[in-house]
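Q: This is the structure I want to talk about, given as structure tokens.
Bear in mind that the values in this text are calculations on the coordinates, not laboratory data. Quick caveat, the model's predicted, so the values are computed rather than measured. Cβ atoms come from the backbone with ideal geometry, glycine included; neighbour counts cover every protein chain shown.
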Amino acid sequence: MRAIEISSFGSPSGLRVTERPVPHLLSGELLIRVAAAGINRPDVLQRQGKYPPPPAVTDIPGLEIAGEIVAGAAHEAGLHLGQQICALVPGGGYAEYCAVPAALCLPVPAGWSLLEAASLPETLFTVWSNIFDRAHIQPGESLLVQGGTSGIGVMAIQLATALGHRVWATAGSEEKARACERLGAERGINYRTEDFVAVIKDMTQSRGVDVILDMVGGDYIARELDCLADEGRLVLIALLGGARSQINLAPILMRRLSLTGSTLRGRSVTFKAAIAQQLRWRVWPLLETRSIKPVIDRVFPLEQAANAHELMESGTHIGKIMLSLDTIRA
Ligand SMILES: NC(=O)c1ccc[n+]([C@@H]2O[C@H](COP(=O)([O-])OP(=O)(O)OC[C@H]3O[C@@H](n4cnc5c(N)ncnc54)[C@H](OP(=O)(O)O)[C@@H]3O)[C@@H](O)[C@H]2O)c1
């Protein structure tokens with residue numbers, strides 16, 4: 001099969017088209033003919049040599065796909081051969097075929113194309129497990145999303161808005177801040193010209209926000225603690241602004257704040273399958289009524305994976321960057 005491999009760590013030019021054997025299936029896995037795959041920031045880190053795949057996972061990058069089931073005991077998972085699905089995968093998405101635990105396959109939502117469905121798994125699993133499971137956002141509580149126009153951000157804004165939460169989001173330009181508002185954020189905050197702490201305090205009569213989803217870390221942490229409401233929860237999913245931070249711990253005690261975080265890729269299939277079930281029950285109806293819409297910035301053919309990574313690193317995109325394969329009409 002055709003696949004993209006990381007021939008050398010470093011720049012996007014290290015991504016190269018190669019021929020690999022079609023994956024062998026392990027117990028509980030299905031073989032998917034891939035129609036489309038999403039690009040995610042962790043793929044960039046893997047290409048740079050900073051995020052190795054978990055043990056026993058293929059070195060081919062790619063964490064989410066959509067396509068058609070072509071082999072495996074699909075019926076045991078309530079699926080069938082030929083069915084179109086989207087799936088979270090621990091690696092191997094940038095390829096014509098991908099082996100996937102059946103428990104991590106979800107049906108393509110009604111009305112969504114395969115290409116659109118491939119943009120869902122990594123962001124939905126991450127957003128759900130961090131905002132709804134880890135931070136336990138409650139009805140009536142509010143959310144601040146850092147990096148509102150990232151693939152993760154556009155999903156977090158839409159999902160939280162669709163479930164009735166007040167949402168604010170930060171982004172690095174006016175255009176991106178307005179895009180956050182079009183997705184449902186009450187206010188997009190251009191962090192280059194505005195102080196998100198001041199905006200949040202102003203818009204909440206100094207109460208603060210209940211939950212923050214953060215991919216920046218670094219010197220954001222102290223400011224985030226400052227604009228959390230009493231009992232607020234700060235959830236870290238990445239450290240784009242640095243892994244070290246000096247903070248005053250007193251507010252954590254005095255205002256009963258929580259600071260937590262997680263990474264998804266290395267978690268067990270059982271853990272991810274439990275998220276898949278919640279998504280199917282709570283989120284699929286929102287996708288099928290288009291309360292949540294796909295936000296796709298640009299689509300590249302598989303061979304142009306390097307160009308797709310260049311676009312992600314340019315930071316000019318809004319939403320998802322996708323790879324399309326010509327195996328099935330995406
Ligand atoms: N923990 C997990 O399980 C998990 C899973 C998936 C992804 N992630 C992480 O989530 C993040 C988003 O992933 P993605 O695939 O959606 O990536 P993406 O689309 O490339 O988004 C990255 C975003 O980060 C923002 N950004 C970059 N540097 C920043 C800084 N110093 N300050 C503020 N914002 C900054 C950029 O927005 P502006 O241009 O507007 O600044 C951009 O929107 C990545 O860091 C990724 O590693 C974590």
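Q: What are the ³J(HN,Hα) couplings of the stretch 109-120, residue after residue, when phi is run through the Karplus curve with 6.51, -1.76, 1.60 and θ = phi - 60°? Round to Hz, x for glycine and proline.
A: Running phi through 6.51 cos²θ - 1.76 cosθ + 1.60 with θ = phi - 60° gives x, 3, x, 9, 7, 4, 4, 5, 5, 5, 7, 8 Hz.
Q: Out of residues 5 or more away from I60 or on other chains, whose amide H comes under 5 Å of its own, with H placed 1.01 Å from N in the peptide plane?
A: Amide H neighbours of I60, under 5 Å, 5+ apart: G92.
Q: How far is it, in nm, from the label point at F271 to the one at R223 when both lie 7 Å from their Cα along the line to the Cβ?
A: 3.0
Q: Still on this structure: Size of the dipole of the chain about the Cα centre, Lys and Arg at +1 and Asp and Glu at -1 on the beta carbon, nothing else charged, in debye to 20?
A: Dipole size: approximately 280 debye.
Q: Projected area of the stretch 178-226, taken from the Cα convex hull and averaged over every viewing direction, in nm²?
A: 3.8
Q: Same structure, new question: What shape does the stretch 43-155 have by the C-alpha gyration tensor, where a ≥ b ≥ c are the square roots of the eigenvalues, rounded means a/c under 1.5, and otherwise prolate means a/b greater than b/c and oblate the rest?
A: oblate
Q: Between A198 and A56, what is the FRET efficiency for a Förster distance of 45 Å, r being their Cβ-Cβ separation, to the nearest 0.05? Walk me through the intermediate numbers first.
A: Values: r = 48 Å, r/R0 = 1.07.
The calculated FRET efficiency here is 0.40.
Q: What shape does the stretch 124-261 take by its C-alpha gyration tensor, where a ≥ b ≥ c are the square roots of the eigenvalues and a/c under 1.5 counts as rounded, a/b above b/c as prolate, and the rest as oblate?
A: Values: a/c = 1.32, a/b = 1.21, b/c = 1.09.
Since a/c stays below 1.5, the shape of the stretch 124-261 is classed as rounded.
Q: Taking the chain as a Gaussian network, where each spring joins two C-alpha atoms under 10 Å apart, which residue of P61, P101, P21 fluctuates the most?
A: So, out of P61, P101, P21, the one fluctuating most is P21.
Q: Looking only at A118, A177, A56, which one moves most when the chain is put into a Gaussian network model with springs between Cα atoms under 10 Å?
A: Maximum fluctuation in the GNM of the chain, among the listed residues, is at A56.
Q: Same structure, new question: For G261, which sequence-distant residues (separation of 5 or more, or a different chain) have an amide H within less than 5 Å of its own amide H, given hydrogens modelled in the peptide plane?
A: Placed amide hydrogens put L236 under 5 Å from G261.
Q: Would you calculate the convex hull of the Cα atoms in the chain and tell me its volume per residue in Å³? Intermediate values should be presented prior to the final figure.
A: On the way: hull volume 41.1 nm³, N = 330.
Given the Cα convex hull of the chain, per-residue volume reads 124 Å³.
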